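Let me begin by presenting the structure, written as structure tokens, before commenting on it.
The values are calculated or read from the model by the stated rules, or taken from the named source; none is laboratory data. Since this is a predicted model, take the numbers as computed values, not measurements. When we count neighbours, we look across all protein chains shown, and the Cβ atoms used for this are built from the backbone with ideal geometry, even at glycine. Please note that ligands, DNA and RNA were not included when accessible areas were found on the heavy atoms of the full protein model with its side chains. Shrake-Rupley method; radii C 1.70, N 1.55, O 1.52, S 1.80 Å.
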Amino acid sequence: MKKIRLSDLKELQMMFTISYSTPTDVDDVLKIDTYIPRRELIKKISTRPEEIYLLREDDKVVGVLRYGIFWDYIPYMCFLSVSEKCRDKGYAQKALIFWEEKMKEAGWPVVMTSIPTDDAAQHFYRRMGYTDTGCLCLHEPPFAQPMEIFFIKNLKNEVER
């Protein structure tokens, strides 16, 4: 019989949930998503709260998924991150699958995302079925960064998970 440590029990009792953002979540979102300006986040939450998912562990925000509609016809996930202390628990994968299912239910045939070439998360997206589809180079300050790889995933060809 395997012995269970107290630390194992605490981890088993953790409750992971995904919910839409609300106006009271602004500060929690900005602790994780430092890319979106506060004013834009407030505007987005007030007009399209369903485009920002909060990943919670025991009711504490530990991750954020934010998306928009690229060219007005392709759902584009522009941000997904889980706080350092909550990584390697599968939360990003769960959030990505949740988002893909919501996009599929809404009738979108494909989804997109992107990641800088120096970010190891590119391998995560490839494992999740995304294919490289192009790149963007931003050299002008304040947006200068490594080349951005764009990924696309066809939701219509997906087999049931």
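For n ≥ 4 DSSP H runs only, could you compute -39500 (n - 2.57) per run for the chain, divide by its residues and tell me the 222 nm figure to the nearest 500? Intermediate results must be reported in sequence, preceding the final value.
Numbers: 5 runs with 46 residues, N = 161.
Value at 222 nm, helices only: -8000 deg cm²/dmol.
Of all the accessible heavy-atom surface of the range 70-135, with the other protein chains kept in place and a 1.4 Å probe, what percent is carbon and sulfur?
Values: 1910 of 3610 Å².
Here it works out to 53 percent.
Mind pulling up the Rg/Rh value for the range 49-122? Radius of gyration and Kirkwood radius, both on Cα. Intermediate values should be presented prior to the final figure.
Working: Rg = 12.7 Å, Rh = 13.1 Å.
Rounded to two decimals, Rg over Rh is 0.97.
Using the Cα centre of the range 39-118 as the reference point, and only Cβ charges (+1 on K/R, -1 on D/E), how large is the resulting charge dipole? Debye, rounded to the nearest 20.
Details: 13 positive and 13 negative charges, 39 e Å.
The calculated dipole for the range 39-118 is roughly 180 debye.
Compute the helix-to-body angle for 91-105: its Cα long axis versus the longest principal axis of the chain, expressed 0 to 90° and rounded to tens.
60
Rounded to the nearest whole Å³, what is the per residue volume of the convex hull around the Cα atoms of the range 27-70? Intermediate values should be presented prior to the final figure.
Numbers: hull volume 3.3 nm³, N = 44.
With only Cα atoms used, the range 27-70 gives 76 Å³ per residue.
With no solvent and one point per C-alpha, what does the Debye sum give as log10 I(q)/I(0) for the range 94-139 at q = 0.29 Å⁻¹?
Each listed q corresponds, in turn, to -1.17.
Can you give the accessible area of S46, probe radius 1.4 Å, in Å² rounded to 10?
Estimated to the nearest 10 Å², S46 gives 80 Å².
Given 25 °C and 0.890 mPa s, how large is the Stokes-Einstein diffusion coefficient of the chain in µm²/s, with Rh as the Kirkwood radius over Cα pairs?
Numbers: Rh = 17.1 Å.
Answer from the Stokes-Einstein relation: 144 µm²/s.
Where only protein heavy atoms count, and the probe is 1.4 Å, what is the accessible area per residue for the chain in Å²? Each step should come with its number before you reach the end.
Values: 10250 Å² over 161 residues.
Per-residue accessible area for the chain comes out at 64 Å².
Please list the radius of gyration and Dmax for the range 10-91, considering alpha-carbon atoms only, with Å as the unit.
In Å, with Rg to one decimal and Dmax whole: 13.0, 45.
So what is the relative contact order for the chain, in percent, with contacts set as C-alpha pairs under 8 Å and at least six apart?
With pairs under 8 Å counted, the relative contact order is 16 percent.
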